[in-house]
Amino acid sequence: MKKNKVKLIIVAEDSSDRTKDKFNKLSESYNVPIIIDGDIEVLSKAIGKSNKAILGIEDINLSKEIQKINNGGEIIG
């Protein structure tokens with residue numbers, strides 16, 4: 001985030017309140033959109049890793065599409 005690479009933050013709903021607060025503050029200070037949705041297992045499986053509660057999306061087009069879907073827009077596929 002400090003290098004302005006992250007375009008979107010996704011935080012798992014079942015992550016700790018401390019983690020959610022920390023990334024909410026970071027998203028405000030760096031002006032990066034944040035989505036709190038899903039759970040740790042689903043986010044981890046989506047990227048092929050284990051036990052990941054936070055995802056940072058660097059691709060601007062992917063981040064726009066994820067935000068569009070999250071806001072009730074088009075569904076891909």
- Message: So with the 1.4 Å probe, I'd like the accessible area per residue for segment 24-77, rounded to whole Å².
- Response: 74
- Quick one: which residues, 5 or more positions from I36 or on another chain, have an amide H under 5 Å from its amide H? H modelled 1.01 Å from N in the peptide plane, none for Pro or chain starts. V11
- Spin-label point model (7 Å from Cα, Cβ direction): what's the E65 to N31 distance in nm? 2.6
- So how strong a dipole does segment 5-55 carry about its Cα centre when Lys and Arg Cβ are +1 and Asp and Glu Cβ are -1, to the nearest 20 debye? 340
- Query: Taking segment 1-67 as the region of interest, what is the percent of Cα-Cα pairs per 10 angstrom bin, listed from the shortest bin to the one with the maximum distance?
  - Reply: 22, 54, 24
- So between E13 and K45, what do we pick up on full extension, going 0.36 nm a residue minus the alpha carbon distance? 10.0 nm
- Query: How would you order 28-35, 9-16 from highest to lowest mean count of nearby Cβ atoms within 10 Å?
  - Reply: 9-16, 28-35
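The values are calculated or read from the model by the stated rules, or taken from the named source; none is laboratory data. All values derive from a computational prediction rather than experimental measurement. Counting neighbours? That spans all protein chains shown, and the Cβs are built from the backbone with ideal geometry, glycine included. These area figures cover heavy atoms from the full protein model, side chains too; ligands, DNA and RNA do not enter into them. Shrake-Rupley method; radii C 1.70, N 1.55, O 1.52, S 1.80 Å.
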